[in-house]
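Worksheet for the structure shown next.
The values are calculated or read from the model by the stated rules, or taken from the named source; none is laboratory data. Being a predicted model, the structure only gives us computed values, none of them experimental. Every residue, glycine as well, gets a Cβ built from its backbone with ideal geometry; the counts of neighbours run over all protein chains shown.
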């Protein structure tokens, strides 16, 4: 009897410890489940890993690059990027991927020459092998104001697919995967779900919306969603739902 009574305090301590551990486990499980639910609801910034991006110096400072491309003016910045526009460059598809820097220089020369732009308009370009190139100067991780989508260059980034992707043209899988990875990372910096929408204000009445109009557009949009154009081509536009889903997955969203 005395032995049993002597053991009771120790037994109580053991029971308390077990209950405490179980309580901690339940609390931790609850926090994990709660965090997962918040990610699903978009309450937590779900960021994706930064993909490899070939720096601008790989194409802009060599060969026949124009003076404007070699020495662009100081970049302009927005507060953040909340939407991405996908383009195609309307150039040949049968290039060797080693030629991509030369093709980008050619595109930049046309935009800074004939169009008299201050720099290449696209923030990024992706070739058929899935290589991502830095386009417009200013820093890939910063919200550089581009010149890619008339009326909607603010708070957005432009990703151009090197090639022409009209109806019936195959779009390389490596290219769409790279676009998804890039969009996932860039939009993730602001906690934006690639499957969602963004409210953007038009700055030019020559877009689909009069200047000053606030439009609700896909967070990962086609150029033609904001401007009267068939860009990025029917074949690439048809794949945007898959690209959005892939980008969301890369952000850890379900």
Review point. Of all the residues that make up the range 52-72, how many are buried (at least 21 other Cβ atoms within 10 Å of the Cβ) and touching a strand residue (DSSP E or B) at 6+ places or on another chain (Cβ under 8 Å)?
Key: 2
Check your understanding: Is it fair to say residue 132 is in contact with a strand residue (DSSP E or B) (Cβ under 6 Å, 6 or more places away or on another chain), modelled with pLDDT of 95 or more and over 21 Å from residue 225 (Cα atoms)?
Key -> yes
Practice item. Identify, by number, the condition in (1) in a loop (DSSP other than H, G, I, E, B); (2) touching a residue at least 12 places away in the same chain (Cβ under 8 Å); (3) more than 30 Å from residue 214 (Cα to Cα) that residue 103 doesn't meet. Key: (1)
Practice item. Scan the range 181-208 and report the pairs whose first residue is more than 20 Å from residue 254 (Cβ to Cβ) and whose second residue is modelled with pLDDT under 95 and buried (at least 16 other Cβ atoms within 10 Å of the Cβ), with Cβ atoms within less than 8 Å and a gap of 6+ or a chain change. Key: 189/47
Review point. Is it the case that the range 36-50 has a residue that's buried (at least 21 other Cβ atoms within 10 Å of the Cβ), at pLDDT 95 or above and outside any loop (DSSP other than H, G, I, E, B)?
Key: no
Exercise for review: Answer yes or no: is there a residue in the range 166-175 that is under 18 Å from residue 226 (Cβ atoms), touching a helix residue (DSSP H, G or I) at 6+ places or on another chain (Cβ under 9 Å) and either buried (at least 18 other Cβ atoms within 10 Å of the Cβ) or assigned by TED's automatic domain parsing to the domain that holds residue 245 (or both).
Suggested key: no
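Could you list, in sequence order, all residues of the range 186-195 that are more than 21 Å from residue 147 (Cβ to Cβ), touching a strand residue (DSSP E or B) at 6+ places or on another chain (Cβ under 9 Å) and either crowded, with 21+ Cβ neighbours inside 10 Å or not assigned by TED's automatic domain parsing to the domain that holds residue 87 (or both)? Walk me through it before giving the result.
Residues of the range 186-195 more than 21 Å from residue 147 (Cβ to Cβ): 188, 191-195.
After this cut, where a residue has to be touching a strand residue (DSSP E or B) at 6+ places or on another chain (Cβ under 9 Å) as well, the list is 192, 194-195.
Of everything in the range 186-195, those that are more than 21 Å from residue 147 (Cβ to Cβ), touching a strand residue (DSSP E or B) at 6+ places or on another chain (Cβ under 9 Å) and either crowded, with 21+ Cβ neighbours inside 10 Å or not assigned by TED's automatic domain parsing to the domain that holds residue 87 (or both) turn out to be 192, 194.
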Study note, to complete from the structure: Counting only residues that are within 19 Å of residue 71 (Cβ to Cβ) and in a loop (DSSP other than H, G, I, E, B), the range 124-136 contains a total of 2
Check your understanding: Of all the residues that make up the range 145-165, how many are surrounded by fewer than 23 Cβ atoms within 10 Å (Cβ to Cβ) and touching a residue at least 40 places away in the same chain (Cβ under 8 Å)?
Key -> 6
Check your understanding: Taking the range 196-239 on its own, how many of its residues are under 17 Å from the mean Cα position of the chain (by Cα), assigned to a loop (DSSP other than H, G, I, E, B) and surrounded by fewer than 18 Cβ atoms within 10 Å (Cβ to Cβ)?
Key -> 1
Review point. Looking at residue 75, is it surrounded by 15 or more Cβ atoms within 10 Å (Cβ to Cβ), modelled with pLDDT of 95 or more, in the same structural domain as residue 143 (by TED's automatic domain parsing) and assigned to a loop (DSSP other than H, G, I, E, B)?
Key: yes
